[in-house]
Amino acid sequence: MSTLFVTHPAFLDHRPGVGHPERPQRVSAIEEALAAPRFDRLARELAPLRDDVEAAIVRAHGPEHLLRVKAAAGREDFPYAFDDDTAISAGSLEAAYRAVGAGLLAVDRVFDPAHEARNAFLAVRPPGHHAERNRVMGFCLFNNIAAAALYARKRHGAGRVAIVDFDVHHGNGTQQIFWEDRDVFFGSTHEMPLFPYTGEVSETGAGNIVNAPLRSGDGGARFREAMEARILPALDAFRPDLILVSAGFDAHFADPLGDLRLTEEDFAWITLKLVEAADRCCDGRLVSFLEGGYNLDALERSSAAHVAALAQGA
Ligand code: ZN
């Protein structure tokens, strides 16, 4: 069994504008990191354009949101900005479709009875966890991880899906989409106060949501404490059939957008904890989605540590 790595050159053609931190080089940095000989045993696939991608997007967002993004993608004056953070270019719709498609593919692979892939990491962009049901937001067009969770339920009969989000920003879109959905767990650590200014402990949805906000400067010890005291026990108690991970590496100390001061070792630590949880609950099935991470060196080292920990567990 192995760890699957999914990406695609089309992710380089989503260009939200000169100077935008969510830039094509992020995916190149990860590809470079995973080209090292110690990653020779990874299974590798390209993120597909699938016939069922629009249906998967509609499941998470409804038809109007899809139409709005498609209409914007049909313009000729690129980059086109939806808001201060979120913009698209000529290649953005294809990239966004492949980002969702990568999630669907990886879910298919970890549910395949042949079990060739036990877990997966998807180096996709645009990211997804800020995209709400009816709104693009925070660099995100479609909520890739929400679409994958709903697809796993529909296509593979996953009764309960857990999403763990360790990006430095709160995954407000994912939380909103699953706010009243008792069959989806959402657990998040994030810096507060910080964009998008949600993620208080009191935000619990239908009892399926656990927020563990951290403060600026908290560092790895507090992060691990929050995971061990709040998120991981709730994850185990939920007994999911699949674990999905919003892997943002912008909580790294070198990242310009946050101040949680984590290290690659912290990312390796949480990855192993999640792999162990997946072993206990769901035959190791875990799919991890790239969200943030804006210092290229830190992103390279952090994603390598993350994937090495996934592969160790596979
Ligand atoms: Zn982020």
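If we scan the stretch 196-207, do we find a residue that is assigned to a strand (DSSP E or B), within 15 Å of G171 (Cβ to Cβ), modelled with pLDDT of 95 or more and not polar (S, T, N, Q)? Let's see the steps before the verdict.
We begin by selecting, within the stretch 196-207, every residue assigned to a strand (DSSP E or B); these are none.
No, because not a single residue in the stretch 196-207 is assigned to a strand (DSSP E or B), within 15 Å of G171 (Cβ to Cβ), modelled with pLDDT of 95 or more and not polar (S, T, N, Q).
Scan (1) under 19 Å from the mean Cα position of the chain (by Cα); (2) of a type in the set (A, V, I, L, M); (3) outside any strand (DSSP E or B) for the single condition V210 breaks and write down its number.
Answer for V210: the failing condition is (3).
Step by step: first the residues of the stretch 110-150, then only those that are more than 21 Å from A55 (Cα to Cα) and of a type in the set (F, W, Y), then the one that is farthest from the ligand (Cβ to nearest atom). Which residue is that?
F121
Yes or no, residue by residue, for (1) part of a helix (DSSP H, G or I); (2) among the polar types (S, T, N, Q); (3) touching a Gly at 6+ places or on another chain (Cβ under 8 Å):
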position: A10; (1), (2), (3): yes, no, yes
position: H20; (1), (2), (3): no, no, no
position: R23; (1), (2), (3): no, no, no
position: I30; (1), (2), (3): yes, no, no
position: I57; (1), (2), (3): yes, no, no
position: E64; (1), (2), (3): yes, no, no
position: R68; (1), (2), (3): yes, no, no
position: A72; (1), (2), (3): yes, no, no
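Give me the pairs: first residue in the stretch 288-306 and of a type in the set (D, E), second residue more than 13 Å from the ligand (Cβ to nearest atom), beta-carbon distance under 7 Å, and six or more apart or on different chains, which are they?
D297/A254; E300/A29; E300/I30; E300/E32; E300/A33
Quick grid of which residues meet (1) crowded, with 21+ Cβ neighbours inside 10 Å; (2) more than 16 Å from the ligand (Cβ to nearest atom):
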position	(1), (2)
S246	yes, no
E264	no, yes
R280	no, yes
V287	yes, yes
G292	yes, no
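The values are calculated or read from the model by the stated rules, or taken from the named source; none is laboratory data. As the structure is a computational prediction, the values presented were derived from the model and not from experiment. Cβ sites come from the backbone with ideal geometry, for glycine too, and all protein chains shown count toward neighbours.
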